[in-house]
Amino acid sequence: MIILFLFSTSIQVTPDSATVGDSLTATLKGEIIDSISIIIPDSFPDIIILDSLEKEGDSIRRIKFTSFSTGPQDFRVGIRKDTLTGSYFIQSALGPKNKGLSPIWGPYGFFNWHYLLWCLLLPIGLFGYWVIRRRKGEEVFIKEEELEPGEEALKNLKKLEEKVDVWNWNKLYTSLSYTARRYIERKAGIPAVEATTSELLKLIKRGGSRVFSPLASRFPNWDLIKFADEKSNPEVFKEDIKSTRSVVKEMEKEDDSLS
């Protein structure tokens, strides 16, 4: 809102012909009054005010602006209930071969599907990156088919003990759960790695592998840390490692006594 204007007023836009984005000046002449407003189009920001210059004497005011719509245009100001109009012409910044392309608009002056696309793609990309990083962090560190199940499990447990001050709880318990499930799967021949905890408990009970029950009973608590980001502490984690190692050694001892 610019406070100025005139009784017996006139308005002239210079230059009367310009290119999209060029600076234009609207010169108002006449007697100054207290009520005047620049009329901005409702649909698009066809004009953007760059500067309102100081008035010259008591009867001249200049306003710098730029226009983004091509073709004949009007710069309008409101004086009380009347409208004063200064006409000018805006040429496209595009060459003759590209006349059919859309006019140039200010960067935030209208709805652009490209903006919406980027607003959607950016968070999706960040989320995908986070998921990939998290999955990479959950990979188990030893998986050697040539090792016996018990030997592989005990090596994993030893390495996990060394990571307690380095890895977060999610990564620690994801690896611990995988180590225990992989041992059960290789030892008992049941799909422990892919099964849910409730499914695994039923498979263990059905198969009569009671030695695994104390270990499998810990899986629900481990799931909370893996999937719900619950926290643990070093003492509890060491106890979980100890219990897992105890089950592995007990199972290996049973096999040795049977052989």
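Rule-based calculations on the coordinates, nothing more; no lab input. Computed from a predicted model, the values in this text were never measured in an experiment.
Report relative contact order for segment 141-258 in percent, whole number only (criteria: Cα-Cα under 8 Å, sequence separation at least 6).
Computed value for segment 141-258: 30 percent relative contact order.
Suppose we look only past 24 Å in the calculated P(r) of segment 141-258. What percent of the Cα-Cα pairs does that tail hold?
21 percent
Mind listing the phi-derived Karplus ³J(HN,Hα) values for segment 74-90, rounded to whole Hz, using 6.51, -1.76 and 1.60 with θ = phi - 60°, and x for any glycine or proline?
Each residue's phi maps through the Karplus curve to give 10, 9, 10, 10, x, 10, 6, 9, 9, 10, 10, 10, x, 9, 7, 10, 10 Hz.
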